[in-house]
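Student: Please read through the structure below; I'll follow up with questions.
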C-alpha cells in the first residue's frame, strides 16, 4: 500500500492549474485572481469628511471647550454628493455630511455631537487639530499603485476594492468542472422506492456538496450499473470534464468493475490502495488526459478521501495557493486506540474548556456511519507508527466546515 504523503504528492504533482476567464465582478467571489490590478485613480478621489458635523478652520476653534465654546457662522449645508463652491473664511463653518468633499479653506471637521446649532451660527465645544475627521485623497489607494497581484483569492473585501476601482469584470481562474459517477446495481436515486438489498445513492449528494464547497462545478452523471461496456461509456463521458470522480467499484470484489473498466482505456492508473483508514481502496490516475479519482463506496470513506485528495486537487486546479484544511492541536479527551501501519482519520467533536481545545470521538467510527461526519468538527490524525493516543495527550485535528464556529 502507498503511504499517505506519497499518494497526496502524486495527486498534486499530476494536477495542472486551469486557465483564465473574464467574469462579472459579482461572479468572482471565492475565485482566484488571474491578472495584476493597478489603480487607475486615487481612493478616495478627494479629501472628504469622515463624520457628520461642521467643516471648520482648526485655528478658529483653538481653545474651544464646553465652558468657552467657539461661535462660528454657518454659510452652507453640504450633503454627500455635492461640491461646495464656497471658501470658508475666518469664523465661518459649513455643515457637512459624511463623505462630502471638504470645502476650500477648511482643514478639519467637528463632529455634530460636539456642537450646538443656533440659528445661522453654531457653537463648537471642543478644540481640534488640523486634519481631524478628514479622509485624505488617496489615503487608501493612490493612482498607479499595485492593488492586487495574480493568485489573490477574492473575498468580500477584495470584491469591494475592485468595485471602488470601477472594475465591472475581472480575469479569474476557471472553476473546475467535476463529473460525478456512482457505481453499483444496488444503488437507487433519492425519491425512488427501496427494494430489499438496495441503498440510496447518498454519496452523489455528499460529493456534489463537497465539490461546491471547494469551488468546483459538479456534473451529476447518475448511476452506472455493473455492466462493463456501459461503465466504460460512462467513464469516457466523465472524462470530458476537467476531473472525474467515481464512487464505489474500486475494491477487490467480483463486482467492483471500475478497475477492470479502466484497463485498455487511454490513461494511467497511478495508485489503487493507500495506507489510510477509512479509504484504503482509493484510486487515482489520468483518464484520456483528465485526472480521475476512484473513491470507495462506503459513505464515510468517500467523504474522507475527497477531503484528503480531491479537495486539494480541485483547489489547485482553481488557482488557489492554500490547498489544505486548517489544523490545530487538541487534547484527547479519552484514549484513542488504532491499528499500526495505516494513518487513521477519525471523526471528532471539539470542546473549548479553560482555554484549551479538547477532542472526543463522535462515536462508532465505522466507514458506513455517515452521522459520524455530520457530528464532527474535524478529523483527528493518528499516525501509522503511533496507534495509541492516551487521554490528555495532544492530537492533530484537520478542521472541517463546522470548524470552531459552533463551539461555545
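Student: Considering only the stretch 301-310, I want to know if a residue exists there that is surrounded by 17 or more Cβ atoms within 10 Å (Cβ to Cβ), in contact (Cβ under 8 Å) with a residue 12 or more places away in the chain, out of contact with any strand residue (DSSP E or B) (no Cβ under 7 Å at 6 or more places or on another chain) and more than 27 Å from residue 364 (Cβ to Cβ).
Tutor: For the stretch 301-310, residues surrounded by 17 or more Cβ atoms within 10 Å (Cβ to Cβ), in contact (Cβ under 8 Å) with a residue 12 or more places away in the chain, out of contact with any strand residue (DSSP E or B) (no Cβ under 7 Å at 6 or more places or on another chain) and more than 27 Å from residue 364 (Cβ to Cβ): absent.
Student: How many of the residues in the stretch 223-264 are farther than 14 Å from residue 297 by Cα, touching a strand residue (DSSP E or B) at 6+ places or on another chain (Cβ under 7 Å) and either modelled with pLDDT under 85 or not in a loop (DSSP other than H, G, I, E, B) (or both)? Step through it out loud before you land on a result.
Tutor: Step one: filter the stretch 223-264 for residues farther than 14 Å from residue 297 by Cα, giving 227-244, 254, 260-264.
Those left that are additionally touching a strand residue (DSSP E or B) at 6+ places or on another chain (Cβ under 7 Å): 230-231, 234-235, 237-239, 241-244, 262.
Still in the running and either modelled with pLDDT under 85 or not in a loop (DSSP other than H, G, I, E, B) (or both): 230-231, 234-235, 237-238, 243-244, 262.
Residues that pass the stated criteria total 9.
Student: Quick test for you: out of 121, 130, 169, pick the one residue that is modelled with pLDDT of 95 or more, touching a helix residue (DSSP H, G or I) at 6+ places or on another chain (Cβ under 7 Å) and within 30 Å of residue 75 (Cα to Cα). If you could, list the steps in order and put the result at the bottom.
Tutor: Numbers: 121 fails: touching a helix residue (DSSP H, G or I) at 6+ places or on another chain (Cβ under 7 Å); 169 fails: within 30 Å of residue 75 (Cα to Cα).
Result: 130 is the single residue among 121, 130, 169 that is modelled with pLDDT of 95 or more, touching a helix residue (DSSP H, G or I) at 6+ places or on another chain (Cβ under 7 Å) and within 30 Å of residue 75 (Cα to Cα).
Student: Being at pLDDT 90 or above, surrounded by 13 or more Cβ atoms within 10 Å (Cβ to Cβ), touching a strand residue (DSSP E or B) at 6+ places or on another chain (Cβ under 7 Å) and not in a strand (DSSP E or B) narrows it down to one residue among 212, 270; which is it? Reasoning before the result, please.
Tutor: Details: 270 fails: not in a strand (DSSP E or B).
Result of the check over 212, 270: 212.
Student: I'm trying to understand the selection: among the residues of the stretch 387-399, which are part of a loop (DSSP other than H, G, I, E, B) and over 24 Å from residue 303 (Cβ atoms)?
Tutor: Within the stretch 387-399, the first condition is being part of a loop (DSSP other than H, G, I, E, B), and the residues that meet it are 387, 390-393.
Scanning the stretch 387-399 gives 390, 391, 392, 393.
Student: Specify which of the listed residues (346, 379, 323, 314) is assigned to a loop (DSSP other than H, G, I, E, B), closer than 30 Å to residue 249 by Cβ and at pLDDT 95 or above. Quick ask: steps written out before the conclusion?
Tutor: Working: 346 fails: assigned to a loop (DSSP other than H, G, I, E, B); 379 fails: assigned to a loop (DSSP other than H, G, I, E, B); 314 fails: assigned to a loop (DSSP other than H, G, I, E, B).
Of the residues listed, the single one that is assigned to a loop (DSSP other than H, G, I, E, B), closer than 30 Å to residue 249 by Cβ and at pLDDT 95 or above is 323.
Student: Go through the stretch 1-40 and give me each residue that's under 30 Å from residue 106 (Cβ atoms) and exposed (fewer than 15 other Cβ atoms within 10 Å of the Cβ). Talk me through it step by step, then tell me what you get.
Tutor: Initially, the stretch 1-40 is screened for residues under 30 Å from residue 106 (Cβ atoms), giving 39-40.
Listed by number, the list holds a single entry, 40.
Student: Give me a count of the residues in the stretch 221-246 that are within 30 Å of the chain's Cα centre (by Cα) and either loosely packed, with under 15 Cβ neighbours inside 10 Å or without any contact (Cβ under 8 Å) to a residue 24 or more places away in the chain (or both).
Tutor: Counting residues in the stretch 221-246 that are within 30 Å of the chain's Cα centre (by Cα) and either loosely packed, with under 15 Cβ neighbours inside 10 Å or without any contact (Cβ under 8 Å) to a residue 24 or more places away in the chain (or both) gives 2.
Student: What tally of residues in the stretch 142-168 results from selecting those that are surrounded by fewer than 10 Cβ atoms within 10 Å (Cβ to Cβ) and without any contact (Cβ under 8 Å) to a residue 12 or more places away in the chain?
Tutor: Counting residues in the stretch 142-168 that are surrounded by fewer than 10 Cβ atoms within 10 Å (Cβ to Cβ) and without any contact (Cβ under 8 Å) to a residue 12 or more places away in the chain gives 1.
Student: Just one of 352, 347 is farther than 19 Å from residue 278 by Cβ and either crowded, with 17+ Cβ neighbours inside 10 Å or outside the structural domain of residue 244 (by TED's automatic domain parsing) (or both); which is it? So that I can check it myself, show each step before the final result.
Tutor: Values: 347 fails: farther than 19 Å from residue 278 by Cβ.
Result: 352 is the single residue among 352, 347 that is farther than 19 Å from residue 278 by Cβ and either crowded, with 17+ Cβ neighbours inside 10 Å or outside the structural domain of residue 244 (by TED's automatic domain parsing) (or both).
Student: Moving on. Go through the residues of the stretch 110-120 one by one and say whether even a single one is in a loop (DSSP other than H, G, I, E, B) and either in contact with a strand residue (DSSP E or B) (Cβ under 9 Å, 6 or more places away or on another chain) or touching a residue at least 60 places away in the same chain (Cβ under 8 Å) (or both). Reasoning before the result, please.
Tutor: The first filter runs over the stretch 110-120 and keeps only residues in a loop (DSSP other than H, G, I, E, B), leaving 119-120.
This time we only want the ones that are either in contact with a strand residue (DSSP E or B) (Cβ under 9 Å, 6 or more places away or on another chain) or touching a residue at least 60 places away in the same chain (Cβ under 8 Å) (or both), so: 119-120.
Yes, the conditions are met somewhere in the stretch 110-120.
Student: Just a yes or no: is a residue in the stretch 148-164 assigned by TED's automatic domain parsing to the domain that holds residue 38 and closer than 27 Å to residue 85 by Cβ?
Tutor: yes
Student: Here's a follow-up. I'm trying to understand the selection: among the residues of the stretch 76-109, which are out of contact with any strand residue (DSSP E or B) (no Cβ under 8 Å at 6 or more places or on another chain) and on the phi > 0 side of the Ramachandran plot?
Tutor: 81
Student: If you don't mind, there's one more thing I want to ask. Scan the stretch 317-332 residue by residue and report those that are farther than 22 Å from residue 351 by Cβ and crowded, with 19+ Cβ neighbours inside 10 Å. First the steps, then the outcome.
Tutor: So in the stretch 317-332, the residues farther than 22 Å from residue 351 by Cβ come out as 317-324.
The answer is 317, 318, 319, 320.
Student: Every residue in the stretch 62-95 that is crowded, with 20+ Cβ neighbours inside 10 Å and within 13 Å of residue 111 (Cα to Cα), please.
Tutor: Initial filter on the stretch 62-95 (crowded, with 20+ Cβ neighbours inside 10 Å): 64, 70, 72, 78, 84, 88, 92-94.
Once the filter is applied, which keeps residues that are crowded, with 20+ Cβ neighbours inside 10 Å and within 13 Å of residue 111 (Cα to Cα), the stretch 62-95 yields 93, 94.
The values are calculated or read from the model by the stated rules, or taken from the named source; none is laboratory data. These numbers were taken from a predicted model, which means no experiment stands behind them. Neighbour counts are summed over all protein chains in view; Cβ atoms, including those assigned to glycine, are modelled from backbone coordinates with ideal geometry.
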